[in-house]
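Below you'll find the structure, written out as C-alpha cells, and then a few comments.
The values are calculated or read from the model by the stated rules, or taken from the named source; none is laboratory data. Just so it is clear, the model here is predicted, and its values are computed rather than measured. Glycine also receives a Cβ, built like all others from the backbone with ideal geometry; neighbour counts cover every protein chain displayed.
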Amino acid sequence: MRCDIDYKKIYRNVKYPRLEFKTGDLVLILSEDHNPEEIIEKHKSWIYKKKDFIRRSLEASKDKKIFDRTEKEFRELVYSIVEGFSEDMSLEFNKIYFRKMRTKWASCSSKKNLTINKLMRYLPLNLIEYVIFHELAHLIEKKHNKNFWSIISKKFDNYEELEKELFVYWFLIQKTKLNYKDR
C-alpha cells in the first residue's frame, strides 16, 4: 500500500493515534507501534474532505483583508466589547488574558477568565465581536450543545457563516505568517 497524501509524523506516548490539520498540513500524532500508512488509509475520506475544505478556505481568503491594529488598540477594543456584552448578558467575568494560541481564537475557563488569542487583532470587528460573545456564552452554557447555539443565535443568527469565516481568516493568517510577528 502506497500513500499519496503528504503528512508529518510526531511520535508520542499515545494510546490512540490522531490526525490534525491545525495549520493546513496533515500531522499524525502516534506512538512507535502505529502504522502511519494504515491510519492514512483508514481515514482517507475524512482527510480528502478536510483538505478540500482548507483549499476552499484558502481560495476564499484571497478576497479578505487583514486588519492591523496595534496591540494597545486591540486590547482596548477587546475590553470594551467584553464589558459591553457582559453587561448586556448580565454576566460577570474575572480576568482577560492575551496570548498567542495555536489552535483557538479564544477560550473561557471555569474560573471565568477569558484568554484571547493575540492573532485576533487581525480579524474584522464583526468576527472579534462574535468570538468574544461565543466565549462569554460559555459562562451560561459550557458545552456546544443545542442550548449554547440557541444563546449564540439570539445575537448572531448567521453564526454558521461566521464560523466558516473564522477558518478562512485562520488559514489566511497562517499563510501570511503574521503569527510569527506575535511571538
For residues in the stretch 151-183 being in contact with a helix residue (DSSP H, G or I) (Cβ under 6 Å, 6 or more places away or on another chain) and outside any helix (DSSP H, G or I), which is modelled with the highest pLDDT? 156
Considering only the stretch 39-122, give the strands (runs of 3 or more DSSP E) lying wholly within it that have at least 2 residues that are surrounded by 13 or more Cβ atoms within 10 Å (Cβ to Cβ) and aliphatic (A, V, I, L, M). 114-117
Residue tally, condition closer than 19 Å to residue 77 by Cβ and assigned to a loop (DSSP other than H, G, I, E, B), over the stretch 123-150: 2
Residue identified as of a type in the set (A, V, I, L, M) and free of Cβ contacts under 8 Å to residues at least 24 places away in the same chain among 116, 151, 128, 132: 151
Which is touching a Phe, Trp or Tyr at 6+ places or on another chain (Cβ under 6 Å), surrounded by 11 or more Cβ atoms within 10 Å (Cβ to Cβ) and outside the structural domain of residue 132 (by TED's automatic domain parsing), of 19, 28? 28
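Examine the stretch 142-165 for a residue that is within 18 Å of residue 67 (Cβ to Cβ) and either among the acidic types (Asp, Glu) or surrounded by 15 or more Cβ atoms within 10 Å (Cβ to Cβ) (or both), and state whether such a residue exists.
If we filter the stretch 142-165 for residues that are within 18 Å of residue 67 (Cβ to Cβ), which is where we start, we get 162, 165.
If we keep only those that are either among the acidic types (Asp, Glu) or surrounded by 15 or more Cβ atoms within 10 Å (Cβ to Cβ) (or both) too, we end up with 162, 165.
Within the stretch 142-165, one or more residues are within 18 Å of residue 67 (Cβ to Cβ) and either among the acidic types (Asp, Glu) or surrounded by 15 or more Cβ atoms within 10 Å (Cβ to Cβ) (or both).
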What's the total number of residues in the stretch 136-168 that are among the β-branched types (Val, Ile, Thr) and either under 18 Å from residue 113 (Cα atoms) or in contact with a Ser or Thr (Cβ under 7 Å, 6 or more places away or on another chain) (or both)? 2
